[in-house]
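J.: Sharing a structure with you now.
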Amino acid sequence: MPNIDRVNSELQKHISEIIMHELRDPRLCGILTVIEVRTTNDLSYARVHVSYYGDEDKRKAVFDALKSSVNYIRRLLKTRVLLRNIPTLQIVEDTSAEYSVRISKIIDEATKNLKDDENI
């Protein structure tokens with residue numbers, strides 16, 4: 001049985017290349033990054049965590065386009081990854097970057113307020 005971390009890494013690399021270079025859906029705009037791939041131990045399912053940076057109004061359309069192209073991505077993976085069975089892919093929106101930016105802004109505001117209070 002292959003090492004799960006190695007499989008996840010290979011899938012992440014190839015899925016990222018496919019999204020960037022081979023998907024021609026006009027709904028795919030902005031910056032898409034495959035953050036992580038988590039495969040089950042039996043290699044039957046893989047959750048693909050994708051981060052999106054771009055127009056907030058188009059976010060839903062971008063992820064709808066990704067979800068509708070899952071079978072195409074899987075078909076291309078069959079020719080690139082040496083696995084007996086390619087896992088069923090599930091696209092998951094990764095919002096950790098947005099969360100960290102929001103927390104950073106809150107911390108900045110709090111430290112600014114503390115400095116203002118000290119100056120009074």
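J.: So I15 ticks every box in (1) more than 13 Å from the chain's Cα centre (by Cα); (2) closer than 26 Å to S100 by Cβ; (3) outside any loop (DSSP other than H, G, I, E, B) but one. Which box is left unticked?
T.: (1)
J.: Among (1) of a type outside the set (A, V, I, L, M, F, W, C); (2) part of a loop (DSSP other than H, G, I, E, B); (3) touching a residue at least 12 places away in the same chain (Cβ under 8 Å), which single condition is R38 missing?
T.: All conditions are met except number (2).
J.: Among K115, K67, which is the only one that is assigned to a helix (DSSP H, G or I), charged (D, E, K, R) and within 17 Å of the chain's Cα centre (by Cα)?
T.: Step by step, each of K115, K67 is checked, and only K67 is assigned to a helix (DSSP H, G or I), charged (D, E, K, R) and within 17 Å of the chain's Cα centre (by Cα).
J.: To continue, here is another question. Restricting to region 29-48, and then to whatever is hydrophobic (A, V, I, L, M, F, W, C) and surrounded by 12 or more Cβ atoms within 10 Å (Cβ to Cβ), can you tell me which residue is farthest from L11 (Cα to Cα)? Give the derivation first.
T.: Applying the first criterion (hydrophobic (A, V, I, L, M, F, W, C)) to region 29-48 yields 29, 31-32, 34-35, 37, 43, 46, 48.
Then drop every residue that is not surrounded by 12 or more Cβ atoms within 10 Å (Cβ to Cβ), which leaves 29, 32, 34-35, 37, 43, 46, 48.
Working: C29: 22, L32: 16, V34: 10, I35: 11, V37: 7, L43: 11, A46: 9, V48: 9 Å.
Among them, the one singled out is C29.
J.: Right, something else. Among the residues of region 70-109, what is the count of those that are surrounded by 10 or more Cβ atoms within 10 Å (Cβ to Cβ), of a type in the set (K, R) and not in a helix (DSSP H, G or I)?
T.: Number of matching residues: 0.
J.: Another question, then. Need the failing condition index for L89 against (1) out of contact with any helix residue (DSSP H, G or I) (no Cβ under 7 Å at 6 or more places or on another chain); (2) among the aliphatic types (A, V, I, L, M); (3) closer than 20 Å to D42 by Cβ, just the number.
T.: All conditions are met except number (1).
Each reported figure results from applying straightforward, stated rules to the coordinates on display, with no laboratory input. These numbers were taken from a predicted model, which means no experiment stands behind them. Ideal geometry is used to build each Cβ from the backbone, glycine not excepted, and the neighbour counts take in all protein chains shown.
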